[in-house]
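Read through the structure below, which is laid out as structure tokens, and then see the notes.
No value in this document is a laboratory result; all are computed from the given coordinates. Everything quoted here is computed from the prediction, not taken from an experiment. Cβ placement follows ideal geometry from the backbone for every residue including glycine, while neighbour counts extend to all protein chains displayed.
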């Protein structure tokens, strides 16, 4: 699970994760439409601003299609309120065409999923369904979710801020403290069934964010102090020394 308050760059981080994983993926995008996601992916792949790539989708359709071919390991659903039946049908169709279920299934965002209990924002039962589907499909299911704005992080939201009793079943939960103006993104591991974690959100690692190009870059702390220099994961000649 990737969780954070509104505007914490949850979708941008998720898109970068999908790009770096580069595995067969099914992406349920209920929070953003196809135009928005296409412009974000174009920006991420090229380094251009989303303002530029939004214009590309209208005026340079052929060029946009050629660049987006670099993201062809992803199949999309833009249903605004998907049900579990809809997700199962999409996954079954994927398996019928490709001979296997997607290795990664992204649900962005969980509160848009149409299920009993959504009105009360009780997501425990839905998380149990996702756990069952993950085992059936033998897939990693990545959920994008919200944290409560009434619970402040230091700097990242604590595990207790996860909305709707959704923090019990995920194997791994990341919470985000993002600010697009100075361009930083702090990430805390508040739950990790197989490794270290800090449920308070006080232990975190910093990333550099370029929301204008939908890119998340690794941050390297200099010896002289907290001066972060960008590490670009989109260049093959970079070596991460951290």
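In Å³ and rounded to a whole number, note down the convex hull volume per residue for the Cα atoms of the stretch 2-231.
Looking at the stretch 2-231, the number lands at 132 Å³ per residue.
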(request) Only bridges with both residues in the chain count here: give the DSSP antiparallel percent, nearest 5. (result) 50
(message) Tell me the mean residue ellipticity at 222 nm calculated for the chain from its helices only (DSSP H runs of n ≥ 4, each -39500 (n - 2.57), averaged over every residue, nearest 500).
(response) -9000 deg cm²/dmol
(message) If I take R0 = 22 Å and measure r between the Cβ atoms of residue 65 and residue 33 in this structure, what FRET efficiency does the formula 1/(1 + (r/R0)^6) give, to the nearest 0.05?
(response) 0.80
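Arranged from highest to lowest average of other beta-carbon atoms within 10 Å per residue, in what order do the peptides 199-206, 140-147 appear? Please list the in-between numbers first.
On the way: 199-206: 17.1, 140-147: 22.6.
Peptide ranking by packing, descending: 140-147, 199-206.
If you count, for each residue, the other Cβ atoms within 10 Å and average over each peptide, how do 74-81, 37-44, 126-133 line up from highest to lowest? Show your work: numbers first, answer last.
Details: 74-81: 15.2, 37-44: 22.9, 126-133: 17.4.
So the peptides 74-81, 37-44, 126-133, ranked by packing, come out 37-44, 126-133, 74-81.
Percent relative contact order of the stretch 1-119, based on C-alpha pairs within less than 8 angstrom and at least six residues apart? Provide the component values of the computation, followed by the final result.
Values: 128 pairs, mean separation 43.6, N = 119.
Averaging sequence separation for qualifying contacts and normalising by length gives 37 percent for the stretch 1-119.
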(request) Starting with the fewest neighbours, write out 72, 34, 177 ranked by other beta-carbon atoms found within 10 Å of each beta-carbon. (result) 72, 34, 177
(request) For the stretch 132-205 and the stretch 1-59, compute the distance between their C-alpha centroids and round to whole Å. (result) 19
